[in-house]
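Asker: After the structure tokens below, expect a handful of questions from me.
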Amino acid sequence: MIIRSDEFEDIPVAGGGMMRMHIVRPAVPGRFPGVLLFSEIYQVTDPIRRLATMVAGQGFVVAVPEVYHDFEPAGTVLRYDTAGTDRGNALKIAKPLAAFDADARAGLSFLKAHAACTGRLATLGVCLGGHLAYRAALDPSVSAAACFYPTDIHSATLGAGQQDDSLSRMAELKAETLFVFGRQDPHVPFAGRQAIRARLEEVAAHYEWHEVNAAHAFLRDEGPRYDPALLLQSIGWALALFRRTLYAAP
């Protein structure tokens, strides 16, 4: 499916200010389910754009928010280097948890109302974005979430104060969720993965779980940790989930 990837819109968020939303969608008439895609700590990089394009090409309207819009000028992309990593990690714990959640609500509302969207919604994210995709899926309007190597859920260290409530709120989760982790990922070690899965079982969540032999950021198609075979396999799991939940009759 041919797609459009040149659109963006600046939308208001709670507390003031504007958040840039990058939109990638099928370039044909019609309406399609929406996927709110949350990036890594580097914001909307070329690999994130290519991931959005891959998903949109399967028949989805994908919206990608700039997660650090309240700290950086619109359009800012952090580099995959030491300075970019340090900046992204610093902002991850400088931004209040409530601001992350307010952004998710604004993004979901924007996507649901988009002229090309049917109103059926899913979330998807990698790294920091995997955690944000999970938190956004606590909203009852979200039918499915694909969370790739989500950081900080097990340690409750997202946001200012580093005391998030993501695990404790898991009983609110109604969306069907997909979790994919790399077994060689130091950011979510074995004990952390055990804690997340134990909580999913405790609350009887409707979820799918995969652990693969890969390092952190294995979906990022730049750098030494990229695994293209696992990218295709993993995105296939996400697309199957989205087709089943978003294209089925409500």
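The values are calculated or read from the model by the stated rules, or taken from the named source; none is laboratory data. Remember, it's a predicted structure, so these values are computed and weren't measured experimentally. Glycine also receives a Cβ, built like all others from the backbone with ideal geometry; neighbour counts cover every protein chain displayed.
Asker: Can you tell me which residues in segment 173-194 are surrounded by fewer than 22 Cβ atoms within 10 Å (Cβ to Cβ) and out of contact with any Leu (no Cβ under 7 Å at 6 or more places or on another chain)?
Answerer: Result: Lys174, Arg183, Gln184, Pro186, His187, Pro189, Phe190, Ala191, Gly192, Arg193, Gln194.
Asker: Could you tell me which of the residues Ala133, Ala171 is part of a helix (DSSP H, G or I) and either closer than 21 Å to Gly119 by Cβ or modelled with pLDDT under 95 (or both)?
Answerer: Numbers: Ala171 fails: either closer than 21 Å to Gly119 by Cβ or modelled with pLDDT under 95 (or both).
When all the criteria are applied, what remains is Ala133.
Asker: Is there any pair with a first residue in segment 74-100 that is under 23 Å from Ser155 (Cα atoms) and a second that is of a type in the set (Lys, Arg) and modelled with pLDDT of 95 or more whose Cβ atoms are under 8 Å apart and which are 6 or more apart or on different chains, and what are they?
Answerer: From segment 74-100, the pairs are Phe100/Arg135.
Asker: If you don't mind, there's one more thing I want to ask. Looking at (1) surrounded by 16 or more Cβ atoms within 10 Å (Cβ to Cβ); (2) outside any loop (DSSP other than H, G, I, E, B), which is the one condition that is false for Arg244?
Answerer: Among (1) surrounded by 16 or more Cβ atoms within 10 Å (Cβ to Cβ); (2) outside any loop (DSSP other than H, G, I, E, B), the lone unmet condition for Arg244 is (1).
Asker: So which residues in segment 221-234 are outside any loop (DSSP other than H, G, I, E, B) and within 15 Å of Gly182 (Cβ to Cβ)?
Answerer: Pro228, Ala229, Leu230, Leu231, Gln233, Ser234
Asker: Of the residues that sit in segment 80-110 and are of a type in the set (A, V, I, L, M) and closer than 30 Å to Pro26 by Cβ, which one is surrounded by the fewest Cβ atoms within 10 Å (Cβ to Cβ)?
Answerer: The qualifying residue surrounded by the fewest Cβ atoms within 10 Å (Cβ to Cβ) is Ala102.
Asker: Among the residues of segment 204-232 satisfying the criterion of being surrounded by fewer than 15 Cβ atoms within 10 Å (Cβ to Cβ) and aliphatic (A, V, I, L, M), which is nearest to the chain's Cα centre (by Cα)?
Answerer: Result: Leu232.
Okay, residues lined up against (1) surrounded by 15 or more Cβ atoms within 10 Å (Cβ to Cβ); (2) of a type in the set (Val, Ile, Thr); (3) at pLDDT 95 or above:
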{"position": "Asp46", "(1), (2), (3)": "no, no, yes"}
{"position": "Arg49", "(1), (2), (3)": "yes, no, yes"}
{"position": "Ala63", "(1), (2), (3)": "yes, no, yes"}
{"position": "Val67", "(1), (2), (3)": "yes, yes, yes"}
{"position": "Ala74", "(1), (2), (3)": "no, no, yes"}
{"position": "Leu78", "(1), (2), (3)": "yes, no, yes"}
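Asker: Counting only residues that are within 24 Å of Ala238 (Cα to Cα) and exposed (fewer than 15 other Cβ atoms within 10 Å of the Cβ), which one in segment 9-28 is nearest to the chain's Cα centre (by Cα)?
Answerer: Of all residues in segment 9-28, those within 24 Å of Ala238 (Cα to Cα) come to 21-28.
Then keep just the ones that are exposed (fewer than 15 other Cβ atoms within 10 Å of the Cβ); that gives 27-28.
On the way: Ala27: 23, Val28: 25 Å.
Top of the filtered list is Ala27.
Asker: Could you say whether any residue in segment 106-125 is closer than 12 Å to Ile41 by Cβ and in a strand (DSSP E or B)? Walk me through it before giving the result.
Answerer: First, the residues of segment 106-125 that are closer than 12 Å to Ile41 by Cβ: 125.
Within this subset, residues satisfying the condition of being in a strand (DSSP E or B) are 125.
Checking segment 106-125: at least one residue is closer than 12 Å to Ile41 by Cβ and in a strand (DSSP E or B).
Asker: Would you please list the contacts, defined by Cβ atoms under 6 Å and residues six or more apart or on different chains, that run from a residue in segment 18-38 that is touching a residue at least 60 places away in the same chain (Cβ under 8 Å) to a residue that is of a type in the set (S, T, N, Q) and part of a strand (DSSP E or B)?
Answerer: Final answer for the pair search is Arg31/Thr118; Pro33/Thr118; Leu36/Thr123.
Asker: Checking Val188 against (1) more than 27 Å from Pro96 (Cβ to Cβ); (2) assigned to a loop (DSSP other than H, G, I, E, B); (3) of a type in the set (Val, Ile, Thr), which single condition isn't satisfied?
Answerer: Unmet condition: (1).
Asker: A follow-up question, please. Are any residues in segment 134-156 in contact with a strand residue (DSSP E or B) (Cβ under 7 Å, 6 or more places away or on another chain), among the polar types (S, T, N, Q) and either surrounded by fewer than 21 Cβ atoms within 10 Å (Cβ to Cβ) or over 18 Å from Ile235 (Cα atoms) (or both), and if so, which ones?
Answerer: Correct list: Ser141 only.
Asker: Let me ask something else. Pairs needed: first member in segment 179-207, free of Cβ contacts under 8 Å to residues at least 12 places away in the same chain; second member anywhere, outside any strand (DSSP E or B) and charged (D, E, K, R); C-beta distance under 8 Å; at least 6 residues apart or different chains.
Answerer: Listed by first residue and then by second, the contacts come to Phe190/Arg183.
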